[in-house]
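The values are calculated or read from the model by the stated rules, or taken from the named source; none is laboratory data. Note that the coordinates shown come from a computational prediction; the quantities given were computed from them, not determined experimentally. FYI the Cβ positions are ideal-geometry reconstructions off the backbone, even for glycines, and counts take in every protein chain you see. Just so you know, the surface numbers come from the protein's heavy atoms only, side chains and all, with ligands and any DNA or RNA stripped out. Shrake-Rupley method; radii C 1.70, N 1.55, O 1.52, S 1.80 Å.
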Amino acid sequence: MSDAALARAIADAAGQVLMAVRGSGLFAGKALGAAGDRVANALILEKLAQVRPDDAILSEESADDAVRLDRSRVWIVDPLDGTREYSEGRSDWAVHVALAIDGAPAAGAVALPALGETFATDRPAALPPAGQSLRMVVSRTRPAPEAEMVAAAIGASLVPMGSAGAKAMAILRDEADIYVHSGGQYEWDSCAPIAVAAASGLHVSRIDGSPLVYNRRDVYLPDLLICREDIAGRVLWLIANAAKAPATVQAP
């Protein structure tokens, strides 16, 4: 099985388990989120240990093992991205399974179990046609200032949503055109979404235009931009210039 197919299969299986746990009625609230995190993480780690025993793993739900810094191949996973949304019975949560090779996302899958969809690098999604008006997906609780500024400058409407994976895949699901985040994330929040978005032909970068690099000693990765290639330059210009004169910035 290829790395990409493996990522898809594991993300699908973890998603099925998470749906079963939520549907069991045995847990609620924070206890439901904690149970989901544990069981999904255990499934992912067990399968990777079985079929890719020589690869390292970085998971949000496991203690960081520094051995990964000496490995070329590192699986970066978030067993349940959007624990709050999962616990609340919402659909905007995801499972992230990605492989970084020498710091670059090489394969990955983002499952949206409550929606019955999985996006992965083995079968890149076809981008939907661009609409007449732009839409920007943002956090439903704390939209990034940069995102709100860009949206205002280019006349994009805001689409509030939960997890990072759900936001990124919203572009492939024709629910949004731009995802700007600057409020702080970790490598497991974005590695799989970035791999899938890039494979589907979207622009992916830091908000300063630099590449997203993974498997670093410090796993904090504070910002990202995912959008259609044809508007990437305009969005990056707006972000860069807003820091200089936010009150006067207009879309180029």
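Expressed to the nearest 5 percent, the antiparallel share of DSSP beta bridges inside the chain is 70 percent.
A 1.4 Å probe run over the protein chains yields, for the chain, 42 Å² of accessible area per residue, whole-number rounding. In this simple spin-label model, placing a label point 7 Å from the Cα along the Cα-to-Cβ direction at both Asp208 and Glu148 gives a separation of 2.4 nm.
Distant-in-sequence amide contacts of Val159, defined by a placed amide H-H separation under 5 Å and a gap of 5 or more residues or a different chain, comprise Met136, Val137, Val138.
Between Gly131, Gly183, Gly36, the Gaussian network model of the chain with springs among Cα atoms under 10 angstrom shows the greatest mean-square fluctuation at Gly131. Using alpha carbons only, how many degrees (0 to 90, rounded to 10) separate the axis of helix 229-242 from the longest principal axis of the chain? Roughly 70 degrees, rounded to the nearest 10. The angle between the Cα long axis of helix 29-51 and the longest principal axis of the Cα atoms of the chain comes to about 70 degrees, rounded to the nearest 10. For the chain, adding -39500 (n - 2.57) for each run of n ≥ 4 DSSP H residues and dividing by the number of residues yields -12000 deg cm²/dmol at 222 nm. Counting only Cα atoms, the range 197-245 measures 34, 29, 11 Å along its principal axes, largest extent leading. Sequentially through the range 141-156, phi angles give Karplus couplings (6.51, -1.76, 1.60; θ = phi - 60°) of 10, 8, x, 5, x, 4, 5, 5, 5, 4, 4, 5, 5, 9, x, 8 Hz, Gly and Pro residues having no value and appearing as x. Short-range pairs are left out: with C-alpha atoms under 8 Å and at least six residues apart, the relative contact order of the range 160-205 is 40 percent. Taking every C-alpha pair closer than 8 Å and separated by at least 6 residues, the mean separation divided by the residue count of the chain gives a relative contact order of 18 percent. With θ taken as phi - 60° and the Karplus curve 6.51 cos²θ - 1.76 cosθ + 1.60 applied, the whole-hertz 3J(HN,Hα) list for the range 87-100 is 5, 8, x, 7, 9, 8, 9, 8, 10, 10, 9, 9, 10, 9 Hz, x standing for glycine and proline.
Relative to the longest principal axis of the Cα atoms of the chain, the long axis of helix 3-24 lies at roughly 80 degrees.
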